[in-house]
Amino acid sequence: MSNVEINAYDPQQVESTAQSFWEASRAFEVAETTDKPKYYCLSMLPYPSGALHMGHVRNYTIGDVISRYKRMTGFNVLQPMGWDAFGLPAENAAIKNKTAPAKWTYANIAHMRSQLKSLGYAIDWTREFATCSPDYYVHEQRMFVRLMRKGLAYRRNSVVNWDPVDNTVLANEQVIDGRGWRSGALVEKREIPQWFLRITDYAQELLDGLDELDGWPESVKTMQRNWIGRSEGLEIEFQVRDADGSALDPLRVFTTRPDTLMGVSFVSIAGEHPLAQHAASSNPALAALLAELKQGGVSEAELETQEKRGMDTGLRAIHPVTGEEVPVWVANFVLMGYGTGAVMAVPGHDQRDFEFASKYALPKKQVIVLKDPRNDEERSWSADEWKDWYGDKTRQIELINSAEFDGLDFQGAFEALAERFERKGQGQRRVNYRLRDWGVSRQRYWGCPIPVIYCGKCGAVPVPEDQLPVLLPEDVVLEGTGSPIKSDPQWRKCQCPECGADAERETDTFDTFMESSWYYARYTSPGAREAVDKRGNYWLPVDQYIGGIEHAILHLMYFRFFHKLLRDARMVDSNEPAKNLLCQGMVIAETFYRELPNGGKDWFNPADVDVVRDERGRITGATLRADGQPVVIGGVEKMSKSKNNGVDPQTMVGKYGADTVRLFSMFAAPPEQSLEWNEAGVDGMARFLRRLWALVARHVEAGVVSSALDVASLTAPQKDLRRKLHETIAKVGDDYGRRYSFNTAIAAVMELLNVLGKFDDASDNGRALRQEALETVVLLLNPITPHACHALWQQLGHAETVLEDIAFPQADPAALKRDALTLAVQVNGKLRGTIEVAADTSREQLEALGLAEPNVVKFLEGMSVRKVIIVPGKIINIVAG
């Protein structure tokens, strides 16, 4: 028996006792040697920032509830944890705190590990790793070396977002309003050598594989389809002439709308395009514009929203059908990294081209018309007013002003132009993808070294596998700019593995998405000589993956891509890394602030603010506790440091206990929806646990239940309670196992507990039924509140044990049957009375009883019954007139 006093619920003591038992008994360590079916439940690994936030708590509690439930239903469950430990934030923190990133990172890991353990998660800690450990990243380096040899990893110049202060490449999402997300510096477009992985070789497979992911949210799959962006079109060649009429290299453009080719009035090219650079060599104004265009980011979102800018290069492209000359313009919305860096501009039928042409007074020409115009406005198209004539795929169009192609529809024009250009060698059909190869180079220190050596004779040479890992030095001093390994000649210095000459190491490190793209597989094979061994095929694919919707594109795309690389390396057999994906909602909270004289805002933490609420619980006033003066109510937003509206999980655990925090996290909202933090709600969950504790205490204090439940001799009230108990079992099992609707599962248990609290039967059978009900409640709540359930299970007379090894309750079909039913009787759909009937009453009897109900008789006066509709067990509806 536990040493916890049943009449005094002390969350800290209860939780410490349970956690000590789990650790001593190695309760959640798993192996592959079992006849149980496997279940791999994985939550996205955290970055070791130094402290858990409520988003972590919600994410990992969802995974823990699923894991514990699956163990109780007979599965061999793996739930691991690790640390996504590389990245720029560690460098910034190291500079600020005057320490090394490694020391800062490992200290944070130790602290956050203790926080996770305090929440009682059923994690197999023997599989833990940090991605900054050489034991982990050596496998990543080995994979990269092999991909180099297969041609799937390569180096080329690329235009990137360059932060001139942090001296690193930024991803598109790290550029905010043209500035670096951390430094605030104006971002530059810069062309530098970068390493890439050929994810585009897998574009079609990544697209097709989405159809197999039935357990992924449709919204995520749609985002991935759009990101891959498969399109079928024509690649068309335009001959180009210089200002003096001499021939230059031709331009190749890709278009999905070749039917608009006759509406081309200019060709737009990227500022980095070789033809633009050629024209700028003799045009100072153009050269100045190209220099200006290097400022700002390279994301499509920024290109779409920025002001359209450009200049005529003086070059002329030759229309491939008409032979007419059209001007070649530099345009700031065209990038070399997308397609060919050149776009045929059709301002009559493309909004971006229309805006550009309108600004620079370039001609617009209508070349398609609707076959079925709905009104005169659609019939009388004007070049001064752009319309998307072909945006609605249900509408039929035909070509006009297109010479021999007049009258053709889209498909007819596509086929005719494709045949013409392929015959003349001026173009070809092509499938194109929006997806671009994955740039994995980062110009920073705290990352996995890219295993490449540069030799003056042999070029870029992969580091031999027997010389891996290339170790990142951890005892460094960061000065604030530049990478320590770039400035360390001793670290860079090496010999070429092919010719033995003096050479230098690559000083770029991998994008941290590399580490998070295959970590799930390493969990399955701790200690393996390769990244994954045969144990991977036992556990993979992941059965349930859990993480935020913000990772829907980049991480999950690379996650799927890397799994295919592992498959092609014959390390795993499956095609996809995870069968099911759950994207949990954000944790949000109220915000409060005061305006500062400089126009900024001083944000106050909700814990420091006293609020006044109306009868509906809405905040109507707020004052700062420190001075009693009003603060502005800023509304509900995602918890963040910038708005100072975060809640420290450890404070809540210290005040209420881990089980209460877990319970609130699961009760406040369904997993996929945003959860609004409300400490009053947390307090309500604490009261519920104390109430359960008290119910068990009163039951136990009344003495040991001496006899087993005699189901055959249950009284009517006992049958009602047992039926309610088994209805709850059925609902909670379905909510946990199928619907992941944990809030409604908790609500069902609360409702059962209300009924149980009113059950006053001290007979032997009544006490036996109460014992069954309390034991069932403990087992039903165990996935969510495991510490309290661990203690309550013992108080109910069971040996100290791991509840996950006990089978989840199963509803007894016999208990669900009712001896009597209460049916609503309606007249023309409106409730007019109720009747109590035996469960086996025939349809004819039900109809007669319904018609005889006194209040129903009253409402039927003067009416004739047309028909009687019976919904078994629920409603009798009399249709009369």
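Since every read-out is calculated from the coordinates, none of them should be taken as a lab result. All values derive from a computational prediction rather than experimental measurement. As a convention, Cβ positions derive from the backbone with ideal geometry for all residues, glycine included, and neighbour counts pool all protein chains shown.
Tabulated results
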{"quantity": "Label zone at Thr99 (point 7 Å along Cα-to-Cβ), backbone N below 11 Å, region 174-215", "calculated": "none"}
{"quantity": "Point-to-point label distance, Arg866-Val711, nm (Cα→Cβ direction, 7 Å offset)", "calculated": "4.6"}
{"quantity": "Potential lengthening between Glu32 and Asp764 on full extension [0.36 nm per residue; Cα-Cα distance subtracted]", "calculated": "259.0 nm"}
{"quantity": "Ranked list, fewest to most other Cβ atoms within 10 Å of each Cβ, for Ser574, Ser517, Ser713", "calculated": "Ser713, Ser574, Ser517"}
{"quantity": "Length-normalised contact order of the chain in % [C-alpha pairs under 8 Å, at least 6 apart]", "calculated": "14"}
{"quantity": "The chain: calculated mean residue ellipticity at 222 nm from DSSP helix runs of at least 4, using -39500 (n - 2.57)", "calculated": "-10500 deg cm²/dmol"}
{"quantity": "Difference of contour (0.36 nm per residue) and Cα-Cα distance, His111 to Thr126", "calculated": "3.7 nm"}
{"quantity": "Inter-part distance where region 134-152 and region 683-730 are each reduced to a Cα centre, Å", "calculated": "58"}
{"quantity": "Between region 443-476 and region 159-179, the Cα center-to-center distance that results, in Å", "calculated": "24"}
{"quantity": "Difference of contour (0.36 nm per residue) and Cα-Cα distance, Ala528 to Ser20", "calculated": "179.9 nm"}
{"quantity": "(i) -0.48, -0.65, -0.85, -1.07; (ii) -0.44, -0.60, -0.78, -0.97; (iii) -0.59, -0.77, -0.95, -1.10, with the label sought being that of the calculated log10 I(q)/I(0) by the Debye sum over Cα atoms at q = 0.06, 0.07, 0.08, 0.09 Å⁻¹", "calculated": "(iii)"}
{"quantity": "Distance (nanometres) between label positions extended 7 Å along Cα→Cβ at Glu325 and Gln12", "calculated": "8.6"}
{"quantity": "Least to most buried among Leu846, Leu624 (fewest other Cβ within 10 Å first)", "calculated": "Leu624, Leu846"}
{"quantity": "Sites Glu550 and Lys424 - FRET efficiency at Förster radius 41 Å, r taken between beta-carbons, to 0.05", "calculated": "0.25"}
{"quantity": "Distant-in-sequence amide H partners of Leu581 (H built 1.01 Å from N, under 5 Å)", "calculated": "Trp216, Tyr545"}
{"quantity": "Given charges at beta-carbon only (K, R positive; D, E negative), |dipole| of the chain in Debye", "calculated": "680"}
{"quantity": "Karplus-derived 3J(HN,Hα), 6.51/-1.76/1.60, for each residue of region 368-374, Hz, glycine and proline x", "calculated": "10, 9, 6, 6, 10, x, 7"}
{"quantity": "Under 5 Å, built H, 5+ apart or other chain: amide partners of Phe75", "calculated": "none"}
{"quantity": "³J(HN,Hα) computed for each position of region 811-818 - Karplus, 6.51 cos²θ - 1.76 cosθ + 1.60, integer Hz, glycine/proline x", "calculated": "5, 8, x, 5, 5, 7, 6, 9"}
{"quantity": "Size of electric dipole in region 820-880: Cβ of Lys, Arg +1 and of Asp, Glu -1, about Cα centre, debye, nearest 20", "calculated": "280"}
{"quantity": "In Hz, Karplus ³J(HN,Hα) per residue of region 593-604 (6.51, -1.76, 1.60; θ = phi - 60°; x = Gly, Pro)", "calculated": "7, 10, 6, 9, x, 7, x, x, 10, 9, 8, 10"}
{"quantity": "Trypsin sites (Lys or Arg not before Pro) restricted to region 803-881 and DSSP loop, no more than 16 other C-beta within 10 Å", "calculated": "Lys817, Arg818, Lys874"}
{"quantity": "Amide proton proximity set for Thr168, modelled H, under 5 Å, gap of 5+", "calculated": "Asp163"}
{"quantity": "At R0 = 60 Å, FRET efficiency that the Cβ-Cβ distance of Asp840 and Glu637 yields, to 0.05", "calculated": "0.60"}
{"quantity": "Cβ charges +1 (Lys, Arg) and -1 (Asp, Glu), total dipole of region 85-217, debye", "calculated": "780"}
{"quantity": "Distance in nm between pseudo-label sites at Ala852 and Glu676 (7 Å out along the Cβ direction from Cα)", "calculated": "5.2"}
{"quantity": "Inter-part distance where region 813-876 and region 565-630 are each reduced to a Cα centre, Å", "calculated": "50"}
{"quantity": "Packing-based exposure ordering (other Cβ within 10 Å, fewest first) of Glu212, Glu325", "calculated": "Glu212, Glu325"}
{"quantity": "Loop sites in region 434-492: GluC sites (Glu not before Pro), DSSP, at most 14 other Cβ within 10 Å", "calculated": "Glu474, Glu479"}
